[in-house]
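Colleague: Below: one structure in structure tokens.
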2 protein chains.
Amino acid sequence: MERKEGRDQPNMLDKCLRILRAFDGGDQQLRLSDLARRTALPLSTVHRLVGGLVEHRLLAQDDGGYQLGIGLFELSGLVPVEQELRVAARPFLQDLFMATHETVHLGVREGADVVYVEKIHGHSDLGLPSRVGGRLPLGCTGIGKALLAFSSNEVRTEYLERPLRAITPHSIVDPARLERELAEIRATGLAFEREEATVGRECVAAPVLVQGVAVAAMSISVPVSAYRMPQLAAAVKTSALGLARQLRTGREHRRPPGGEMFG
Amino acid sequence: MERKEGRDQPNMLDKCLRILRAFDGGDQQLRLSDLARRTALPLSTVHRLVGGLVEHRLLAQDDGGYQLGIGLFELSGLVPVEQELRVAARPFLQDLFMATHETVHLGVREGADVVYVEKIHGHSDLGLPSRVGGRLPLGCTGIGKALLAFSSNEVRTEYLERPLRAITPHSIVDPARLERELAEIRATGLAFEREEATVGRECVAAPVLVQGVAVAAMSISVPVSAYRMPQLAAAVKTSALGLARQLRTGREHRRPPGGEMFG
DNA sequence: AAGGGAACTTCCGTGGAGCGGAAGGAAGGG
DNA sequence: CCCTTCCTTCCGCTCCACGGAAGTTCCCTT
């Protein structure tokens, strides 16, 4: 009998993570019965597991509900790739922000998404869908396109083979068009995005290249009306190059960024 | 938080967390046998658990070892207290950094420690022991003392009853002295720290007060020779007050619609 | 080439821990 | 006062997590 790969019985760890990830819907605080509903687990099971999670501070019991706990935050500070990258990148992003006073992002590729690892913005953060730790489809964002353009052929073709997700009416859904754009990005070292991630915003991104592969990318995001792309593009590219150099010298040899796609 | 009963037998969740926390020793990459050694768990057990952790991206299998995975990072982005606080605080820290060009921290209290949730620094980050997600004893840091001064009596007395940890020769170990200092901090709204956390560095911190209690504190850290404390103190206090006001007003309308865009 | 060691992977019988239905509180409110 | 909703506790059954042991790979030494 062939073993189905997709779904076995969820074990304890699976269930715990289902509980933790139940918070991704934007709700900060969930009650026990909410968790049971969202995870589709029996109430008594959730109750038991939640006890253990609270003990480890992965959850915090607030009056009338549970929240994700600070233990998660602490653990995340130890994640090496992001940690190293962020520490190195922060000053460069800082400079970029100070020079332009526009929202600045740093992101890495994770499967078919970009995951934002740093974000700097002023007092008014105009409803961007990005969030540190959040994901967006690669093809819909400047950072994502920069990452994709400078990934391995394998990764790129696999991404292009699947239907492209759109998150605004302007998001690219035609693989051929995206492929053309990626070629252009490879030629220029700059990725542009126009309202493909957020209506009313456009952005320019540059890859952070280590040995020809993008280990990260950074971007500046501005309202569409600004018409400042040329200067911003130069600034982003400069910062990205600076960070790349810093990463190269900072550590001599760590990990040639392979990694499988779509686990 | 009374944890009287010493856990007899670690369950699956305990073991998984022991594995994850095995990375807190500064090592980024650990091999299976390293993990088994550090966690004092049988090799085959670690092997099995690691499999599950990798599936959930809490661990990443690198050639020759394992690293903490990006899944942790993503989850941490959803931790509400820190998330809300950080988003609100970032612009203020930003301003503070731009005004002073010195290293800026934001921290919250967690038990007897301060946990840093944000840190902004220039290109030269002079070996400070702080790290986003990292902990230090409350009494050894400016932020910690600011937090402690404006915590409940309960918290404060409990902290003072236990022996004070020292991390430099200048760290305060006399409870009476610390108590006196806390009183002063309560009076002035400013906490100073002189080489108590890092030899050669001093810092000034101010609490972020919501309803009279410090929900966080921010600080500026400079080399001891700088003699710029008066101006820095004013700047820190101003920023902290600004953030406190922001938090108060932000909290009135629970959560502006935005949240998650497009699922 | 053979031997030794270290690290990783797979196997498998056993027992206890995880499981979840059900019943028992605890609030609220109509 | 009953009904609903939510949380907590209980308990017997089942099953899967457990880890010792054997197997495999790789590298280093002799």
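Colleague: Distances from B:G200 to the same residue in each other copy, label points 7 Å out along Cα→Cβ, in nm, shortest first?
Modeller: Spelled out, the distances from B:G200's label point are 4.9 nm.
Colleague: At 0.692 mPa s and 37 °C, plugging the Kirkwood radius over alpha-carbon pairs of segment B:9-117 into Stokes-Einstein gives what diffusion coefficient in µm²/s?
Modeller: 203
Colleague: Measure nothing fancy, just the Cα-based angle from helix B:12-21's long axis to the longest principal axis of chain B, in degrees from 0 to 90, nearest 10.
Modeller: Helix B:12-21 sits roughly 60 degrees off the main axis of chain B.
Colleague: Another question, then. Jot down the radius of gyration and Dmax of segment A:82-126, Cα atoms only, both in angstrom.
Modeller: Using the Cα atoms of segment A:82-126, the pair Rg, Dmax is 11.3, 32 Å.
Colleague: Between B:N153 and the same site in the other copies, what are the distances in nm, shortest first, taking label points 7 Å from Cα along the C-beta direction?
Modeller: Counterpart label points of B:N153 in the remaining copies fall at 7.5 nm.
Colleague: In peptide A:79-89, how many Cβ atoms from other protein chains are near each Cβ within 10 Å, on average?
Modeller: Mean shielding by partner chains, rounded to a whole number: 5.
Colleague: Something else: Give the Kirkwood hydrodynamic radius (Å, one decimal) of the protein assembly as shown, defined as one over the mean of 1/r across all pairs of different Cα atoms.
Modeller: Answer for the protein assembly as shown: a Kirkwood hydrodynamic radius of 24.3 Å.
Colleague: Among B:Q29, B:I19, A:A176, whose Cα projects farthest towards the positive end of the dipole of the protein assembly as shown, with charges put on the beta-carbon of Lys, Arg (+1) and Asp, Glu (-1)?
Modeller: B:I19
Colleague: Another question, then. For peptide A:60-73, compute the average count of partner chain beta-carbon atoms within 10 Å of each residue's beta-carbon.
Modeller: Averaged over the peptide's residues, the number is 5.
Colleague: Follow-up question, since we're still on this one. In deg cm²/dmol and to the nearest 500, what is the mean residue ellipticity at 222 nm of chain B if only DSSP H runs of at least 4 residues count, each as -39500 (n - 2.57), divided by the residue total?
Modeller: Taking each H run of at least 4 residues, the total per residue is -13500 deg cm²/dmol.
Colleague: Find out how many positive minus negative residues lie around B:V50, taking Lys and Arg as positive, Asp and Glu as negative, among other residues whose Cβ is under 11 Å from that of B:V50.
Modeller: Result for the local shell: +2.
Colleague: Quick one: what are the phi-derived ³J(HN,Hα) couplings along segment A:192-197, Karplus 6.51/-1.76/1.60 with θ = phi - 60°, whole Hz, x for glycine and proline?
Modeller: 10, 9, 10, 6, 7, 10
Colleague: With labels modelled as points extended 7 Å from the Cα through the Cβ direction, what inter-label distance (nm, one decimal) is found for A:E154 paired with B:R228?
Modeller: With each label placed 7 Å out from Cα toward Cβ, I get 4.9 nm.
Colleague: Oh, and also: Could you work out the relative contact order of chain A? I mean the mean sequence separation of Cα pairs under 8 Å and 6+ apart, divided by the number of residues, in percent.
Modeller: It rounds to 14 percent for chain A.
Colleague: Turning to a different aspect of this structure: Need one value for B:151-164: mean number of C-beta atoms belonging to other chains within 10 Å of its residues' C-beta atoms.
Modeller: So the per-residue partner count for this stretch is 0.
Colleague: Consider just the alpha-carbon atoms of segment A:80-250 and return their Rg together with their Dmax, both in angstrom.
Modeller: In Å, with Rg to one decimal and Dmax whole: 14.4, 42.
Colleague: If you don't mind, there's one more thing I want to ask. Exceeding 28 Å between C-alpha atoms, which entries from my cross-link table qualify? They are B:K15/B:K119; B:K119/B:K237; B:K15/B:K145; A:K119/A:K145; A:K15/A:K145.
Modeller: B:K15/B:K119; B:K15/B:K145; A:K15/A:K145
Colleague: Just the Cα atoms of segment B:12-74: what Rg and Dmax do they give in Å?
Modeller: 10.2, 29
Colleague: OK, next. Along segment B:137-152, what does the Karplus equation 6.51 cos²θ - 1.76 cosθ + 1.60 (θ = phi - 60°) give for ³J(HN,Hα), rounded to whole Hz, x for Gly and Pro?
Modeller: After applying 6.51 cos²θ - 1.76 cosθ + 1.60, I find x, 3, x, 9, 10, x, 4, x, 5, 4, 5, 5, 4, 10, 9, 5 Hz.
Colleague: Packing-wise, with mean Cβ within 10 Å as the measure, how do A:103-110, A:25-32 rank, highest first?
Modeller: Answer by packing, highest mean first, reads A:103-110, A:25-32.
Colleague: Another question, then. Kindly give the distances from B:D63 to its copy-mates, label point to label point, with each label point 7 Å from Cα along Cα→Cβ, as nm values to one decimal ordered shortest first.
Modeller: 5.6
Colleague: Could you run the Karplus curve 6.51 cos²θ - 1.76 cosθ + 1.60 with θ = phi - 60° over segment B:33-39 and give me ³J(HN,Hα) per residue in whole Hz, x for Gly and Pro?
Modeller: 5, 4, 4, 4, 5, 5, 8
Colleague: Mind listing the long-range amide H neighbours of A:V208? Cut-off is under 5 Å, sequence gap 5 or more, other chains count too, H placed in the peptide plane at 1.01 Å from N.
Modeller: A:V215, A:A216, A:A217, A:M218
Colleague: Additional query: If I stretch the segment between B:E84 and B:T238 completely, what's the gain in nm (0.36 nm per residue apart, minus their alpha carbon distance), one decimal?
Modeller: This chain segment gains 53.4 nm when fully extended.
None of the figures in this text is laboratory data; all of them are computed from the coordinates on show. Because the structure is a prediction, the values reported are computed rather than measured. As a convention, Cβ positions derive from the backbone with ideal geometry for all residues, glycine included, and neighbour counts pool all protein chains shown.
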